[in-house]
Every structure is written in C-alpha cells, then in structure tokens.
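Quick notes on the structure that follows.
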Amino acid sequence: MAAAIHGPLLAGVDEAGRGPLAGPVAAAAVILDPRRPIAGLRDSKQLTAQQRSRLALLIRERAGAFALGVATVEEIDCLNILQATLLAMRRALQALAVRPSRIIIDGNKAPHLDDLFEDCRVETLVRADVLVPAVGAASILAKTWRDAHMAELDALYPGFELARHQGYPTAAHLAALARLGPSPVHRRSFAPVRSLLSHDPELRTPPAAH
C-alpha cells in the first residue's frame, strides 16, 4: 500500500513472535504520512487487543506505505530465531511500495540491507517502538497480523489454544504439548519442544495437517 508523500521518508520496523514455541515470526515496515497523523502509537505490548485493532486499521488507512514480512517455522528451525527475525524484517522492507531514505529498526540488530537500500541510512534503536511513532506503528501491524494468523492456526490444530496464548510457553500450552505432542507449526529448535522430542522419538516427524 502506498500514498503520495513528501520530504524525508522514515521507515519504522519491528517484529512480533520471537518468543513463542509455535507459529511464524512476523515483521512490519511502516512509513507514516505526516499529513495524516495517528494518535496513540506506541509499543503494541502497551496496548489492549481492542486498541491494537483500532490503531491497525488507522495505520493501514493513513500510512504513506506499509508492508509485512514473515519467516516460517521451517526457516526459524533452519536459521535460528534471530536470523529468521532479520529475514522477516528484510522481506517487509523489500515489500514497501515507497522507498525510504532512513530506516529505524527496533532493537540492536539489523538485517543485511546494503543490496536493497544502498544510499539509505539504517539505524537500530532499543525501545524504538516506544520512542519512534513509525516503529510503534510497525509493532502494532506485526502483532495484529500474527495474532490473527495464530487464530487461524488454532482452528487447524485444536487443543493447543494457540489463539489464546499466540504460541507463548504458558503453563496450559506446555501441558497441551506434553499431552498431544508438537504440531507441524511448533518450533522444533526451541528448548521445550526439542526436549519433548528427545524423550519421544516417535514425535520427531511432524504429523500431517488436518
């Protein structure tokens, strides 16, 4: 999505889903339009689900440009979660319909972008989702997309309550894992899942999707 905007173009980037035991990791890149401000942008974790949903709609309506990038469970297990997260960020930036002149990424690691944005200033900033509105917007888009996706996976793989905890290692999720074994969308490289597999070799091959 893109709109005609002018002046220096700042793209904010953030991710959602590094910590869960299941599902993909998602990233969003957002270029805000200063002519169409959005009040209340901040780290998605500081907002209720209802607030995130409302703001996500406004971001999609008013942003100068936005895009999402995803790294799959298979990529997470193959690359590790950090590299998969950086890959999702790179994909989000690559999908932007408007080319930014400056990029701010939440955290202290940035994906390799020299081949995509040779003349673009790329910065990392801890707590950027609180300090930079465009990064806060990216946090909200990544979180709302991933939560909706986990609700879809919940319908495909019942019993784990993925829509309730989004794949995070809650007590209920760990109990379901022990009872049911991992689904195809569980991250086999993550310690609780890996430990379960090491004790039951029959679980190492992912079951077919329903």
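Coordinate-derived values only; no laboratory data. Please read these numbers as outputs of a predicted model, since none were measured by experiment. Don't worry about glycine lacking a Cβ; one is built from the backbone with ideal geometry, like all the others, and counts go over all protein chains shown.
Brief remarks follow.
- Ordering of 111-121, 21-31 by burial proxy (mean other Cβ atoms within 10 Å per residue, highest first): 21-31, 111-121
- Computed from backbone phi with θ = phi - 60° and the Karplus coefficients 6.51, -1.76 and 1.60, the 3J(HN,Hα) list for segment 193-199 is 6, 4, 5, 4, 5, 5, 8 Hz; x is used for glycine and proline.
- Antiparallel content of DSSP bridges confined to the chain, in %, to 5: 60 percent
- If R0 equals 22 Å, the separation of the Cβ atoms of N80 and L125 corresponds to a calculated FRET efficiency of about 0.45.
- Around the amide H of I103, modelled in the peptide plane, lie the amide H atoms of A11, R121, V122, E123, all under 5 Å away and 5 or more residues distant in sequence or on another chain.
- For segment 10-154, the percent of C-alpha pairs falling in each 10 Å distance bin, counted from 0 to the bin holding the largest distance, reads 13, 46, 34, 7, 0.
- Other residues with beta-carbon under 11 Å from the beta-carbon of D33 carry, at +1 per Lys or Arg and -1 per Asp or Glu, a net charge of +2.
- Whole-Hz couplings from phi, Karplus 6.51/-1.76/1.60, listed for segment 70-84; x for Gly and Pro: 9, 10, 6, 4, 4, 5, 4, 5, 7, 8, 4, 5, 5, 5, 5
- Helix-only CD estimate at 222 nm, as mean residue ellipticity for the chain, using -39500 (n - 2.57) per DSSP H run (n ≥ 4): -12500 deg cm²/dmol
- Separation between Cα centres of segment 33-108 and segment 123-181, rounded to whole Å: 14 Å
- Residue-by-residue Karplus 3J(HN,Hα) for segment 33-50, coefficients 6.51, -1.76, 1.60, Hz, glycine and proline x: 9, x, 7, 10, x, 10, 7, x, 5, 6, 3, 4, 5, 8, 10, 6, 4, 5
- Sites Y168 and R99, calculated FRET efficiency, Cβ-Cβ separation with R0 45 Å, nearest 0.05: 0.80
- S189/L156 FRET efficiency (R0 22 Å; Cβ-Cβ; nearest 0.05): 0.55
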